[in-house]
Amino acid sequence: QVQVVESGGGSAQAGGSLRLSCAASGSIISINVMDWYRQAPGKERELVAHSPSGGLTHIEDSVKGRFTISRDNAKNTMYLQMNNLKPEDTAVYYCKVEVYSGSSYRYLEVWGQGTLVTVSA
């Protein structure tokens, strides 16, 4: 069993900052990939940032220069630092983790429940 929990969402004014956290727990042998997605009202879910273990991080152009990701591998945790927020960043932010499970001995893709970010003008 693997759980993914996001936290840190809330309200901010345009130009402000928020930091989201994504923590994976449970029977995990290794984490291959940790991604951030977001889904704005009435829109499809879209990739924000991609972080493969041991690989190059990718940040989508729409947030490049404003958002950064970092990981604490010892805690199976990833962070999304969001600076210079814009109203169009308003969305539910989701974390997706690909893990090698220690209970099933196979790769699993697990989503968190999401955390809401609201940015006012």
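The values are calculated or read from the model by the stated rules, or taken from the named source; none is laboratory data. The structure displayed is predicted, hence computed values, not measured ones. Cβ coordinates were reconstructed from backbone atoms using ideal geometry, including for glycine residues, and neighbour counts include every protein chain displayed. The accessibility values were calculated without ligands, DNA or RNA, using every heavy atom of the protein model including side chains. Shrake-Rupley method; radii C 1.70, N 1.55, O 1.52, S 1.80 Å.
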Matching residues in the stretch 34-49 - criterion: being of a type outside the set (Lys, Arg) and either open to solvent by 60 Å² or more (accessible area, probe 1.4 Å) or over 11 Å from the mean Cα position of the chain (by Cα) (or both): Gln39, Ala40, Pro41, Gly42, Glu44, Glu46
Residues (within 16 Å of Glu98 (Cβ to Cβ) and either touching a Cys at 6+ places or on another chain (Cβ under 6 Å) or open to solvent by less than 60 Å² (accessible area, probe 1.4 Å) (or both)) located in the stretch 51-68: Ser51, Pro52, Ser53, Gly55
All strands (runs of 3 or more DSSP E) inside the stretch 1-83 with 1 or more residues being within 30 Å of Tyr105 (Cβ to Cβ): 2-7, 18-26, 28-39, 46-52, 67-72, 77-82
Residues satisfying the stated conditions in the stretch 6-26, i.e. among the hydroxyl-bearing types (Ser, Thr, Tyr) and either open to solvent by 40 Å² or more (accessible area, probe 1.4 Å) or free of Cβ contacts under 8 Å to residues at least 40 places away in the same chain (or both): Ser7, Ser11, Ser17, Ser25
Selection count, the stretch 86-114, where residues are in a strand (DSSP E or B) and closer than 15 Å to Ala24 by Cβ: 13
Meets criteria (small (Gly, Ala, Ser), modelled with pLDDT of 95 or more and in contact with a Leu (Cβ under 7 Å, 6 or more places away or on another chain)) for Ala23: no
The stretch 32-59 residues that are in contact (Cβ under 8 Å) with a residue 24 or more places away in the chain, paired with ones that are of a type in the set (Asp, Glu) (beta carbon under 6 Å, 6 or more apart): Asn32/Glu98; Val33/Glu98; Val48/Glu60
